[in-house]
Every structure is written in structure tokens, then in C-alpha cells.
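Remarks on the structure that follows.
The values are calculated or read from the model by the stated rules, or taken from the named source; none is laboratory data. Note that the structure is predicted; figures quoted are calculated from it, not measured. Virtual Cβ from ideal backbone geometry, glycine too; neighbours counted across all protein chains shown. With ligands, DNA and RNA removed, areas are computed over all heavy atoms of the protein, side chains included. Shrake-Rupley method; radii C 1.70, N 1.55, O 1.52, S 1.80 Å.
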2 protein chains.
Amino acid sequence: MATTQASAQRVTAENGIEYAYRDFGESEVPLVLLQHFRGNLDNWDPALIDALAAERRVVTFDNVGVGATSGKTPSTIEAMAHDAIAFLDAMGFERIDLLGFSIGSFVAQEIALIRPDALRRVVLASSAPQGAPGMHGWAPEVIAAVGGREPNPQGYLEVFFAHTETSRAAGQEAAGRIFVRSTDRDEPTSWQTRQAQYDAICAWGIPNHALLERVTGIQLPVFVANGDSDPMILPRYSHLLAGLLPDARLKIYPDSAHGFLFQHHGEFAADVHAFLEEPGAEA
Amino acid sequence: MATTQASAQRVTAENGIEYAYRDFGESEVPLVLLQHFRGNLDNWDPALIDALAAERRVVTFDNVGVGATSGKTPSTIEAMAHDAIAFLDAMGFERIDLLGFSIGSFVAQEIALIRPDALRRVVLASSAPQGAPGMHGWAPEVIAAVGGREPNPQGYLEVFFAHTETSRAAGQEAAGRIFVRSTDRDEPTSWQTRQAQYDAICAWGIPNHALLERVTGIQLPVFVANGDSDPMILPRYSHLLAGLLPDARLKIYPDSAHGFLFQHHGEFAADVHAFLEEPGAEA
């Protein structure tokens, strides 16, 4: 049975929220994943989860108000970070590796600033620092593609994959893997979640050069990664993050976009494993 | 005859300074080069100049007080930029491409801010934005290697080339090419130049996050490049520049250090040509 067939589990935290999560693989330090805009447990590409869980414990979860987790999605990254920390505490995790993707990478930065000693190493995929000029809101074609009331598979492909034959084909394959699950599917994300997450993303993107300095407070080793053609969060923001963070590695994956980590799931998982096992990385 | 056998020429500018320069190749828009710390005309690797001049006009010059150029080297990047602009005006250049290396890349940024319409495209090699935290002064081993009173070929190799067999071998070859010239050598750079340039570099590195915003005013296309193991100006500052500049491309060259452009002269020259000839690059 593929690790991705794991059933969703439930844990109730001190904030009274019942969190839905899935738990795969084994390792001393778990790798916890923070999901993209409007994504739930099902939206993690099973090929990526399998490749990560082959070498370590991987935990995916719905943050407050998302999918099957109870409560109402808050509209700030800071509140989402506190909600995620409540989940980590409920799970009894003392120290984790954290991988945040898209809005999840904003939450990951915030956790690294609020609760640094809960983290060992951090992966920021398709990310940007708060206040970076030029990213406020999203380009109209991006929000049109992924922000509508109804699911838009074509729009998903346009934003998550590059406009090349190879990347589009990879996108069709990833979408096939994501939607093949027929049992124990997660709850769809609500319109309330969409609106609250969009508010939080827009607030994160209000231009403010002074806020760029915040991430210089993250002393942890960080792996920054993006696709070279991401239209949603441009690769220049990964450059910026890697330049601001005191201890970052940077990789830009070719012929790919926002969903580069699904398209290049084998290579990305190998890069994540290598980063998490770098000489000097303590357990 | 290799283009690098070209004799030094002289031009006197409105500031009364007599500039020494060398002029190679042919193209409508010349590519002007700004040299590294303590470097004079001879310190450009002939292999790089030949590869650049094969496809365009390339002009190297000694800025004020450096090598055979008259005057006293000023101790701020801003003054060096004005001195370089005086040279461009004396040459009758209306619009150039500009390649700055190390301290020359700081001067290039300043020229792009002071006199943007004199420039078409900019290459920043082994560079950093003013105010970037963590680069103030240089690591003691770096300044010990390249900052002494007497020439230190071993120190040069340690800073300009990576500590691998392949990079060291490339460094020996580059040094051989640089020091093979027997006639019409430039004047050595003086201790006054060394002190003034070091003051300017230290002032550039005074940590000041607010100053990072300056380069967002450079609207020109920029190619940012560095070696992956540069100990003098870390690659993270190239990431930072590429993230801050509105229109940048970034390349980090493997197995190389501060002198990556000498080591990888063929690849780098090809990348520079491709950048300068990108679709949309007007003449």
C-alpha cells in the first residue's frame, strides 16, 4: 500500500480545534508540511509524499478552518502560525523539520520567528518575504485562474506548471495522482478559507522594505526553492529570501512553475533529504 | 595578434584627469569594464577579454589614481562613479553596456543610479548591494590574502579561486595569462589606491537595511553573477541583488570563487553575449 493511502487522523489541541492530519513513514525528527492556497490534505501530490516518506516521517495537516479541520480560517499569516503551533503542541512534537509551500511557506517563516526552538531546519517552496515590493495581490490572470468559486483544473495547470509541453504533461500526471484517491478524501476547502487566505496573502504583500529585515532573524538553516517560471510568486522572491536569510541554500528548478515540487518530485525530495541530512545537521 | 596585446591609450577628461585605457574589438554599443580591488589594466584575464572582444568592442580603463591614470584615488564609491562617468564622457560614449567586477560592480551600481540613460545593460560580477548586513570589512583571512603591502600571488589564488584542485589549476592558468605580458605593462597600483579603495568598500558594507532599497531604482536589465565559493563577497549577496533588482538574471558558477569570470572565461563570456543580445535588447 502506498504511504499516501494512509487514512486521515484527528487530534484536538488546547485551542479546542480538532485538526485533521495524515502521518507517513518513520524518523526521529518528523517533517511537517504546510499546504498551498486553498489546498487540503488531498492536494499534496502522492508522488512527492511517497518520495519524502520513503526516508522520514512526514505529517500533513489541515490548518484551522481548512478541509476537515474545525474552526474558521483566520485572515493573517501570524494567526495561521499560532494555529499551526497549536497543532504541533497537540501532536507532542518538540522539534520538527518544516516544509512550507506557497502560503504555507509564509506561515513557516512566521513559525520560525515566533517559535524558533521548535524547528530544526526549514524548507521554503515557492516563497517570498513579507513586504517584498511588486508582489501585492496577484496578477489578474493568476487570481482568475485559481481564485474562482468553482474548481478550475485548467487554471490550476496554468499556474502550477510552465507553459511548455513537458511541464504541462507533468502537470496532467500530477493532477491525475492527486485526484485518483477515491476513499477517505478530505473535505473541500470552503469559500471562507479562500477569502481569509487571500486577505492574508495580500496583507503579506503590502510593499514595505523595512519588513524585509524580519527574516534576517531566522538563524536556522533554510532551503529555498522555486520553479523558474512561477507566475504566482516570482523566482526573484526566492533570490531575495536566500539573500536575506543568514543561512540559506537556493535552487531554482528548470521548466517549471508554482508546482515545481510536484513536477520534479523525485529530484526535489532528494534535495530535501540531502538538505535535512547535511553534515552538521543534528538529530 | 591577440586583442589583449593592444597598447594602452590616453584620454584627458573635463576633470583634468588623463585616463589610461585599452580598446579592443568592434560593436555599436561598447562594453566598458570596471576593475576589481587593486587591479589595473593588466589584471583583466586576457582570455576573458579575448572572448568578450571577439563579438563586441570592449574598453578597459584605470579609474582616477589607479595604475597609469593620473590623480588620487577617491575613498567613496560615489566619487569613483563620477570619475568613471567623466571617462565615458571624454570617450564620447553616449550609451554603453557596463560590466563591473567586485569594487567595480559597486561603482557600476552607482553609475546606474546617477546616470541611468548612459547605460543599456549592466553585468554585476562578484557584487553586493550597499548596506547588506554581514559584509562589513572583510574576513581577516581575505584582507590578509589580498590587502598586504607586497604582491601575494598565493593570497590572490586563495581568494579568487576555490579550494579545489580544479579551481586552483584554473587559477594558475589565469595568473599565467595575466602576468605573461612583457611590454607596455600598466603602472602598479599604489598603496594610496589600496587604502582609498578599502575605505570605500568598508563604507559600502556598513550594515544599513534601508539602503537595500536603492537598487530597486535600477530599472535596467542586469545580469548578476558570482562563483559559488567566493569568500570575498559571498554568493548570498548576488542572490540579494537579483532579488532586489526589478529586472535581473542570476547565475552562480560552480567550483569557483571571486575570480569565477577568469576561471570560466568562455562560459561567462558566452553568457554575457547572450544577455547583451537578448530579444528586446535595443542597440
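For B:Thr164 and B:Arg95, what is the calculated FRET efficiency with R₀ set at 41 Å and r taken between the beta-carbons, to the nearest 0.05?
According to the calculation, E is roughly 0.55.
To the nearest 20 debye, what is the magnitude of the charge dipole of the stretch B:1-147 about its Cα centre, counting +1 on the Cβ of each Lys and Arg and -1 on the Cβ of each Asp and Glu?
120 debye
Output ³J(HN,Hα) for the stretch A:59-73: one whole-Hz value per residue in order, computed from phi by the Karplus curve 6.51 cos²θ - 1.76 cosθ + 1.60 with θ = phi - 60°, and x for Gly and Pro.
Going residue by residue, I get 10, 9, 8, 8, 6, 4, x, 8, x, 7, 7, 6, x, 10, 5 Hz, with x marking Gly and Pro.
How crowded by other chains is B:233-241, given as the mean number of beta carbons from other chains within 10 Å of each beta carbon?
If you average over the peptide's residues, the count of other-chain Cβ atoms is 5.
Shortest first and in nm with one decimal, please list how far the B:Arg181 label point sits from its counterparts in the other copies (point 7 Å along Cα→Cβ).
List, nearest first: 6.5 nm.
Pull up all non-local amide H partners of A:Arg57: gap of 5 or more, or a different chain, and H-to-H distance under 5 Å with H placed in the peptide plane.
When sequence neighbours closer than 5 places are left aside, the close amide H contacts are A:Glu26, A:Ser27, A:Leu31.
Among all helices in chain B defined by DSSP H, which have a length of 15 Å or more along the axis from Cα atoms plus a Kyte-Doolittle mean of at least -1.0?
The answer, listed by residue number, is B:77-90, B:103-114, B:165-179, B:191-204, B:265-276.
Rounded, prolate or oblate, given the Cα gyration tensor of the stretch B:64-187, with a/c below 1.5 counting as rounded?
It comes out prolate by the Cα gyration axes.
May I ask you to list the lysines whose Cα is less than 30 Å away from that of A:Lys251, ignoring any residue fewer than eight positions away on the same chain?
Cross-link targets: B:Lys251.
In the stretch B:70-170, what trypsin sites (Lys or Arg not before Pro) fall in a loop by DSSP, with at most 10 other Cβ atoms inside 10 Å?
B:Arg149
Could you please state, rounded to a whole Å, how far the C-alpha centre of the stretch A:125-160 is from the C-alpha centre of the stretch A:93-107?
Comparing the Cα centres of the stretch A:125-160 and the stretch A:93-107, I get a distance of 20 Å.
Per-residue accessible area for A:Met91 at 1.4 Å probe radius, Å² rounded to 10?
For A:Met91, solvent-accessible area is about 40 Å².
For B:Lys72, place a label point 7 Å out from Cα along the Cα→Cβ vector, do the same in each other copy, and report the separations in nm, one decimal, smallest first.
With the label placed 7 Å along Cα→Cβ, B:Lys72 yields 7.0 nm.
Where both residues lie in chain A, what percent of DSSP beta bridges are antiparallel, nearest 5?
Taking every DSSP beta bridge within chain A, about 25 percent pair in antiparallel fashion.
At A:Ala270 and A:Glu187, where each label point lies 7 Å from the Cα along Cα→Cβ, what is the point-to-point distance in nanometres?
Going from the A:Ala270 label point to the A:Glu187 one covers 4.0 nm.
Name the shape class, rounded, prolate or oblate, that the alpha-carbon gyration tensor gives for chain B, where a ≥ b ≥ c are the square roots of its eigenvalues, rounded holds for a/c under 1.5, and otherwise prolate holds if a/b is larger than b/c and oblate otherwise.
Rounded is the answer for chain B, as its axis ratio a/c remains below 1.5.
Please go through the stretch A:1-85 and write out the GluC sites (Glu not before Pro) that DSSP classes as loop and that have at most 13 other C-beta atoms within 10 Å.
Here the GluC sites (Glu not before Pro) that fit, given the DSSP loop and packing criteria, are A:Glu14, A:Glu26, A:Glu28.
For the pair B:Glu150 and A:Ala139, what calculated FRET efficiency results from E = 1/(1 + (r/R0)^6), where r is the Cβ-Cβ distance and R0 = 51 Å, to the nearest 0.05?
0.35
Nm distances between the label at A:Glu267 and the same-position labels in the remaining copies, 7 Å along Cα→Cβ, shortest first?
Label-point distances to the other copies, shortest first: 1.6 nm.
Could you order the peptides B:256-262, A:127-133 from most to least packed, using the average number of other C-beta atoms within 10 Å per residue?
B:256-262, A:127-133
What FRET efficiency comes out for A:Gln172 versus B:Val11 if R0 is 56 angstrom and r is the Cβ-Cβ distance? Round to the nearest 0.05.
0.35
Each label point is 7 Å from the Cα along the Cα-to-Cβ direction; what then is the distance between the points at A:Lys251 and B:His209, in nm?
2.9 nm
If Lys and Arg each add +1 and Asp and Glu each add -1, what is the summed charge of the other residues whose beta carbon sits under 15 Å from the beta carbon of B:Ala169?
Neighbourhood net charge equals -3.
Once you have a ≥ b ≥ c as the square roots of the Cα gyration tensor eigenvalues for the stretch A:155-250, tell me rounded if a/c is under 1.5, and otherwise prolate or oblate according to whether a/b is larger than b/c.
Prolate, because a/c is 1.5 or more and a/b exceeds b/c.
Which distance in nm do the two modelled labels at B:Glu18 and A:Glu28 give, with both placed 7 Å along the Cα-to-Cβ direction?
Going from the B:Glu18 label point to the A:Glu28 one covers 7.1 nm.
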